[in-house]
């Protein structure tokens, strides 16, 4: 009986310490995310970004089934995008979609990929592919986002002037 109690106490201590490590790492990542996003990512130094990315990868390898794992990947992609590192952002988003296909961040990740391809890389073929994937797979999740994706598809490759003229022509035809 004494051995059983000792074994249970040891298991409890190990479980408690592993939970503490997870929460400590998660807290560290959240602080780093706050620090970087508050400084608008552009002024963050590369060491901060590298440390954050390392911590995120560490968290995912230790806690792959935790719902924070895809959230952290999405935040990393947003930081990469805001820093102009579009290929890195796309790589992180692809990782999120491949490693966490059922995560709540997947729909927004596909939309973000389409946006990067369309508006930042001018790759309208890939943008169309991503936007159509969004509509077919995630289109029922968010009506407003689906509407935005449809507008993006209608206006792929058009300049702001072309879009403005098109809107103005529609308004004039209604008069």
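Here are some notes:
- In terms of packing, defined here as the mean over residues of other Cβ atoms within 10 angstrom, the peptides 52-65, 149-162 line up highest first as 52-65, 149-162.
- Packing around the peptides 94-105, 69-80, taken as the average count of other Cβ atoms within 10 Å per residue, puts them in this order, highest first: 69-80, 94-105.
- When you count the other C-beta atoms within 10 angstrom of each residue and take the mean per peptide, 137-148, 110-121 line up highest first as 110-121, 137-148.
- Fully extended contour minus Cα-Cα distance, from residue 58 to residue 166, at 0.36 nm per residue: 34.0 nm
Each reported figure results from applying straightforward, stated rules to the coordinates on display, with no laboratory input. All figures in this text were calculated on a predicted structure; none of them were measured in a lab. Every residue, glycine among them, receives a Cβ derived from its backbone with ideal geometry; neighbour counts consider all protein chains shown.
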